[in-house]
Amino acid sequence: MSNAPVTCEALIIGAGPAGLFAAFQLGMAGVSSHLVDVLPHAGGQCAELYPQKPIYDIPAHPRITGAELTDRLLEQTRPFSPLFHFNERATSLRKLDNGRFGVEMDSGLAFEAAVVVIAAGGGAIQPKKPPLRGIEDYEGTSIFYAVKDKAAFAGEHIVVAGGGDSALDWAMELAPEAKSLTLLHRREQFRAAPASVRRMRQMVEAGRMDFRLGQLRQLIGENGQLRAVRAANGRESFEIPATRLLLFFGLTNKMGPLAQWGMEMQGGLIIVNTADFETSIPGIFAIGDACVYPGKLKLILSGFHEAALMAQKACRRVHPDEHHTFVHSTSSRLAHKPS
Ligand SMILES: Cc1cc2nc3c(=O)[nH]c(=O)nc-3n(C[C@H](O)[C@H](O)[C@H](O)COP(=O)(O)OP(=O)(O)OC[C@H]3O[C@@H](n4cnc5c(N)ncnc54)[C@H](O)[C@@H]3O)c2cc1C
């Protein structure tokens, strides 16, 4: 595709919590933004991996779910009308002769931006999949890698496969409403928190859910509707009724092409200057889980702080001839603009 590029002040790559708050902070600093995300919605890990799980360490929100936090962040950006482009994966970047950046998506959509803010987390989020024949036929109907809507699991025969926190948390959470629930794990040891393992074993003893030792071998069903799974433990092979299969084998999230954009990297993450979160390429910033510096904590809170400092420098890059003063949100005309 050779359409003219979309011209913008800031292009934010990733609409997770860091990217969303970056749009707010840039807006406060007088910079408009476009956001791109490979997912079909905003919220990053919060929306994709744990929308209904409570988060307890967001200041002034003693308890807020991933989905609620995403909604609040979207609401907060609204006065600045950022433009969202979903299902778009940023693949290439080059510095243009005019000093701006040309960024291309794999769809062919292109942007020309004064500054680029990489808020891509650990890269495009993808669940690890077991090598099961025909798995794609059931994805989104019977097989899931995250729980977005608990109601879709009520009254079903559920098999949860995995031994980490997500597997145990969801097995225990879904068991009360399920027709049957079986946790399937390849060994007796779990990666999940010991307290969760104890609670799971109590539920199994009380007959409120089942636990089977084994590995998935075969999917049984037709037309995208799963009926059962076949699993094996050594030589023993057995079938478990399953109309819903939840797979928690971890995630892969590689930076992919972003890592080849020429910024200095460390351990697959982008090295930043902690004064302003600029990378080794002036005009390209990195915030949230995507960046690394001494003492970095992969917390939502850290991404918010990083976004605030980034915006102070980014606005000087976008409008170098303007006088910039720091303004509290309470005094900002921009933040009060009705949405
Ligand atoms: C189960 C779980 C529980 C957690 N609990 C907490 C908690 O209690 N408190 C806490 O502070 N943190 C928690 N975290 C961590 C927190 O979710 C992350 O620190 C936070 O999501 C990082 O935000 P981010 O915006 O930097 O990245 P992400 O949320 O990862 O968002 C990055 C976005 O960028 C997109 N993207 C990546 N590459 C591209 C590309 N090339 N083109 C277009 N889009 C791209 C991705 O699709 C994604 O939507 C938890 C994480 C998990 C998995």
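The values are calculated or read from the model by the stated rules, or taken from the named source; none is laboratory data. Treat the numbers as computed from the prediction; the structure is a model and nothing was measured. When we count neighbours, we look across all protein chains shown, and the Cβ atoms used for this are built from the backbone with ideal geometry, even at glycine.
Quick notes on this one:
- Some residue of the stretch 93-104 being surrounded by 15 or more Cβ atoms within 10 Å (Cβ to Cβ) and in contact with a helix residue (DSSP H, G or I) (Cβ under 9 Å, 6 or more places away or on another chain): yes
- In the stretch 1-58, the residues that are outside the structural domain of PRO79 (by TED's automatic domain parsing) and within 6 Å of the ligand (Cβ to nearest atom): none
- ILE271 meets each of the listed conditions (1) surrounded by 16 or more Cβ atoms within 10 Å (Cβ to Cβ); (2) free of Cβ contacts under 8 Å to residues at least 24 places away in the same chain apart from (1).
- Residue satisfying condition, being assigned by TED's automatic domain parsing to the domain that holds LEU26 and within 23 Å of GLY44 (Cα to Cα), within set GLY283, GLY288: GLY288
- Pick from the stretch 134-185, criterion surrounded by fewer than 19 Cβ atoms within 10 Å (Cβ to Cβ) and β-branched (Val, Ile, Thr), ranking: farthest from ALA231 (Cα to Cα): THR141
- Taking (1) within 14 Å of the ligand (Cβ to nearest atom); (2) loosely packed, with under 15 Cβ neighbours inside 10 Å; (3) in contact (Cβ under 8 Å) with a residue 24 or more places away in the chain in turn, HIS61 satisfies each apart from (3).
- Qualifying residue in the stretch 230-245 (condition: under 26 Å from the mean Cα position of the chain (by Cα) and either surrounded by 16 or more Cβ atoms within 10 Å (Cβ to Cβ) or of a type in the set (Asp, Glu) (or both)): yes
- Selection from the stretch 262-277 of residues that are modelled with pLDDT under 95 and within 14 Å of the ligand (Cβ to nearest atom): GLY268, LEU269
- Residue check for ARG89: basic (Lys, Arg), closer than 16 Å to VAL318 by Cβ, buried (at least 17 other Cβ atoms within 10 Å of the Cβ) and assigned by TED's automatic domain parsing to the domain that holds PHE304: no
- Residue count for the stretch 253-309, restricted to those that are assigned to a loop (DSSP other than H, G, I, E, B), touching a Gly at 6+ places or on another chain (Cβ under 7 Å) and of a type in the set (A, V, I, L, M, F, W, C): 3.
- For the stretch 186-195, taking the residues that are at pLDDT 95 or above and surrounded by 15 or more Cβ atoms within 10 Å (Cβ to Cβ), the one that is farthest from the ligand (Cβ to nearest atom) is identified as ARG186.
- Any hit, the stretch 172-182, residues being more than 30 Å from ILE287 (Cα to Cα) and either within 11 Å of the ligand (Cβ to nearest atom) or among the basic types (Lys, Arg) (or both): yes
- Exclusive hit being in contact with a strand residue (DSSP E or B) (Cβ under 9 Å, 6 or more places away or on another chain), within 30 Å of LYS179 (Cα to Cα) and within 15 Å of the ligand (Cβ to nearest atom), set PHE238, PHE249: PHE249
- Selected residue (criterion: nearest to ILE271 (Cα to Cα)) from residues of the stretch 112-134 that are in a loop (DSSP other than H, G, I, E, B) and modelled with pLDDT under 90: GLY122
- Residues that are touching a residue at least 40 places away in the same chain (Cβ under 8 Å) and touching a helix residue (DSSP H, G or I) at 6+ places or on another chain (Cβ under 7 Å) were ranked within the stretch 151-160; the one that is nearest to the ligand (Cβ to nearest atom) is VAL160.
- Residues satisfying the stated conditions in the stretch 302-316, i.e. farther than 11 Å from ILE287 by Cα and touching a Phe, Trp or Tyr at 6+ places or on another chain (Cβ under 9 Å): GLN312, LYS313, ALA314
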